Each structure stands twice: as structure tokens, then as C-alpha cells.
Amino acid sequence: MYDSPIYVSGHNGLVGSAIARRLRADGAKHLLLRTHRELDLRRQADVERFFAEHRPQYVFLAAAKVGGIEANRSHPAQFLRDNLQIQTNIIDAAQRFGTRKLLFLGSSCIYPRLAPQPMPEDSLLTGALEPTNQWYAIAKIAGLKMCQAYRREFSFDAICAMPTNLYGPGDNFSLVDSHVLPALIRKYHEAKLKMAAAVEVWGSGTPRREFLHVDDLADACVFLMQKYSDEAPLNVGWGKDVSIAELAQLVADTVGFKGEVRFDRSKPDGTPRKLLDTSRLSALGWQPKITLAAGLASTYEWFCAHQEHLRR
Ligand code: GDP
């Protein structure tokens with residue numbers, strides 16, 4: 001794989017940047033990377049032209065329109081449209097222009113809101129989705145099904161990984177449209193600087209979420225690209241979850257904020273629990289390594305060192 005052209009789509013995002021970092025460190029000789037400006041993945045003709053010209057042999061489909069609970073709620077059309085367009089254009093062009101293997105990245109929100117916990121891959125489409133992120137979830141389910149359909153009809157080697165909530169360097173630390181972990185790092189950091197009495201955390205604090213460091217995900221993606229070839233999606237997670245209240249305390253400890261936490265119950269909780277069953281991936285011999293405490297500490301360091309690049 002490392003001698004062939006490898007396309008990492010979305011290489012400026014949290015996931016894509018981690019995969020590109022990892023492939024570079026492994027000595028990949030021919031990485032293909034395009035910014036959003038250079039290649040708008042929502043435009044089919046542009047994507048086809050790119051594939052026709054560069055013929056990537058391996059494709060990591062990490063490009064997506066992503067965001068936290070508030071972003072999903074306020075931009076349902078963009079989450080549905082952009083993700084459908086991006087993934088459809090890439091999967092189709094990859095198959096038609098001779099890509100040997102493609103890895104599609106989904107999300108744990110594809111599973112039903114009230115799926116058994118931890119959520120096995122087989123719980124897909126067994127119940128209603130969480131309404132706050134249904135638009136994103138429907139697009140990701142369509143992407144997964146497209147990979148399965150292209151494998152069946154065209155013998156295209158497309159595989160799917162479903163990561164849990166991710167965090168790490170390069171994350172979106174916006175207060176409005178980010179996910180909870182980076183949002184809390186920023187809120188606690190700013191509260192510490194201002195010597196504020198309290199930090200506001202959305203919802204009741206009781207929802208439970210699982211967090212995986214994005215470097216662990218990149219490791220899993222490279223592992224799967226080399227070792228896995230089947231239509232069944234594979235969950236990628238840490239294996240344990242924490243409540244949002246526990247996460248807030250961990251972030252407070254990491255940042256060194258000594259004030260109080262205030263829960264803003266006017267904000268949505270979203271799905272009550274989202275823990276992935278990762279037994280299939282474990283059985284293949286892969287395990288994550290970066291603990292939440294260690295990952296939070298290094299992500300906070302990254303945040304402090306990159307203040308000028310943060311998205312607002
Ligand atoms: P989800 O996993 O799709 O629900 O997305 P998020 O990561 O945005 O939210 C996870 C949970 O954290 C929800 O219960 C939010 O209400 C809660 N939460 C608490 N404070 C924040 C915050 O400042 N930003 C975000 N995005 N979520 C928060």
C-alpha cells in the first residue's frame with residue numbers, strides 16, 4: 001500500500017489529518033491530498049476528473065460535513081446533502097477509476113437511539129434514530145449501504161468503519177458547532193483565564209458517551225485497510241463510556257479549573273447512551289491504546305499551542 005497513490009479525503013479535518021499523519025509516519029510515498037478549495041467533493045464532475053487524473057489505489061473516505069448536537073439541529077439540509085454528495089461521488093469514482101480498496105468512515109450515530117448497549121453492528125436499522133442527528137445518520141447509513149452494494153454488484157473492495165465519538169489534535173473547538181469534548185476544553189480553559197466562578201455544560205450531565213483518541217482511530221483504519229475485506233461494518237471504540245458530568249470533571253482537572261459546573265437543561269441531551277460493542281474488531285486483533293486521561297492531557301496541550309488556528 002505504501003508505494004501506491006493513497007488518497008486521504010478530508011485531510012484538514014480531525015480524522016483525515018490523523019490518517020495522513022499516520023501514513024506519512026509509516027513512509028507512504030505517494031499521498032494525495034486536496035483542500036476543500038482545490039477540490040469541492042460535492043461536485044461530481046470535479047471528483048471524476050481528480051480520480052481520472054490521479055488514479056488513487058487506496059482511498060480513505062474521511063471527508064464529511066460534521067458537527068455537534070447544535071450544528072446538526074440547525075443545518076439538517078447541509079448535513080444530509082453534503083454528506084450524500086461527498087460519499088456518493090467518491091465511492092462511485094473510486095470504483096470506476098480502478099481504486100483497489102476504499103475505507104468509508106461512518107459514525108456511531110447510525111445505530112438506533114435505543115439500541116442495546118454496548119451497540120453491536122447488527123443493531124443497525126432495528127429501531128428509530130436519535131432525532132437530533134438523524135440527517136447525518138441517514139447519510140452515513142446510505143454510505144455504508146453503498147459500499148455493500150458496490151461490493152456485491154461490482155466486486156469493489158469497500159470496507160466500513162464506524163467510530164465512536166472522536167477527539168484529538170486538529171479538532172473543532174468552536175463553542176457553537178463542535179462536539180462536547182473540545183467544547184468543554186475551550187470553555188474550561190477560558191473560564192480558568194477569566195477566573196470565572198462556574199462553567200456551563202449543556203443538558204443534564206447524565207448522557208453517557210464513549211471517547212476515542214483520533215490517533216487510535218487512524219491506527220485502526222490503517223490496520224483495516226491492510227487486513228480486512230468484508231461487507232460487514234466494524235465498530236471502532238474505546239470500550240468504556242463516561243457520563244457528561246464525569247467528562248466535565250475530567251476536563252476541569254486537566255485544565256486546572258477549580259470552580260463549579262452548571263448544567264443548562266434548556267439544551268438537548270441527545271441520545272442517552274452511545275457505547276459501541278467492539279468485540280468484532282477485537283477478535284481481529286486490534287486494540288486502542290490512548291486512555292482518556294492521557295488523550296485529554298495531550299489534546300489540551302495541542303489546544304494551548306494552537307490558539308491562533310482555532311475555529312471560532
Ligand atoms: P452527540 O454525541 O451527537 O449527542 O453530540 P455532542 O458531542 O455535541 O453532545 C454530547 C452531549 O454533551 C450532549 O448531551 C450535549 O448536550 C452535551 N454537552 C454538554 N456541554 C456541551 C457543549 O458545550 N457542547 C456540546 N456540543 N455538547 C455539550
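The values are calculated or read from the model by the stated rules, or taken from the named source; none is laboratory data. Quantities reported herein were computed from a predicted structural model and do not represent experimental measurements. Note that we place each Cβ from the backbone using ideal geometry, even for glycine, and neighbour counts take in every protein chain shown. Just the protein is used for accessible areas: all its heavy atoms, side chains included, with ligands, DNA and RNA removed. Shrake-Rupley method; radii C 1.70, N 1.55, O 1.52, S 1.80 Å.
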Q: Would you work out the relative contact order for the chain, in percent, from Cα pairs under 8 angstrom that are 6 or more residues apart?
A: 19 percent
Q: Distance check, please: which entries in 29/274; 192/274; 140/258; 145/227; 192/267 exceed 32 angstrom between their Cα atoms?
A: 29/274; 140/258
(Q) For the pair residue 24/residue 97, report the inter-label distance in nm, with labels modelled 7 Å from Cα in the Cβ direction. (A) 2.3 nm
Q | Protein-only accessible surface order, largest first, of 126, 299, 254 at 1.4 Å | A | 126, 254, 299
Q: With 20 Å bins from zero, work out the P(r) of the stretch 6-309 over every alpha carbon pair and list the percent per bin.
A: 34, 58, 8, 0
Q: Would you work out which of 117, 245, 278 lies farthest towards the positive end of the dipole of the chain, given +1 charges on the beta-carbon of Lys and Arg and -1 on that of Asp and Glu, about the Cα centre?
A: 245
**Q.** Shape parameters for the stretch 242-302, alpha-carbon atoms, Rg then Dmax in Å
**A.** 15.3, 44
Q.
Under a crude label model (7 Å from the Cα following the beta-carbon direction), how far is residue 1 from residue 291 in nanometres?
A. 2.9 nm
**Q.** Projected area, mean over directions - the stretch 1-156, Cα convex hull, nm²
**A.** 9.7 nm²
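Quick check: residue separation of residue 31 and residue 155 times 0.36 nm, minus the Cα distance between them. What number comes out in nm?
Gain in length upon complete extension: 42.2 nm.
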Q: Kindly list the residues of the stretch 105-119 that lie in the label zone of residue 284, defined by a backbone N under 16 Å from the point 7 Å along the Cα-to-C-beta vector.
A: 105-108
Q. Which whole-number value in Å² is the accessible area per residue of the chain, probe 1.4 Å?
A. 44 Å²
Q. In degrees between 0 and 90, to the nearest 10, how far off the longest principal axis of the chain does helix 214-227 point, with axes built from Cα atoms?
A. 20 degrees
Q) Tilt of helix 44-54 relative to the longest C-alpha principal axis of the chain, in degrees (0 to 90, nearest 10)? A) 70 degrees
Q) How much length is gained if the chain between residue 126 and residue 269 is pulled fully straight, taking 0.36 nm per residue apart and subtracting their Cα-Cα distance, in nm to one decimal? A) 49.3 nm
Q) Rule-of-thumb check for the stretch 5-57: C-alpha Rg over 2.2 N^0.38 Å? A) 1.13
Q) Of the heavy-atom accessible surface of the chain (probe 1.4 angstrom), what whole percent is carbon and sulfur? A) 52 percent
Q) How far apart, in nm, are the 7 Å Cα→Cβ label points at residue 229 and residue 310? A) 4.6 nm
Q) Ignoring ligands and nucleic acids, what accessible area does residue 238 show with a 1.4 Å probe (Å², nearest 10)? A) 70 Å²
Q. Where the only charges are on Cβ atoms (+1 Lys, Arg; -1 Asp, Glu), what is the dipole of the chain about its Cα centre, to the nearest 20 debye?
A. 300 debye
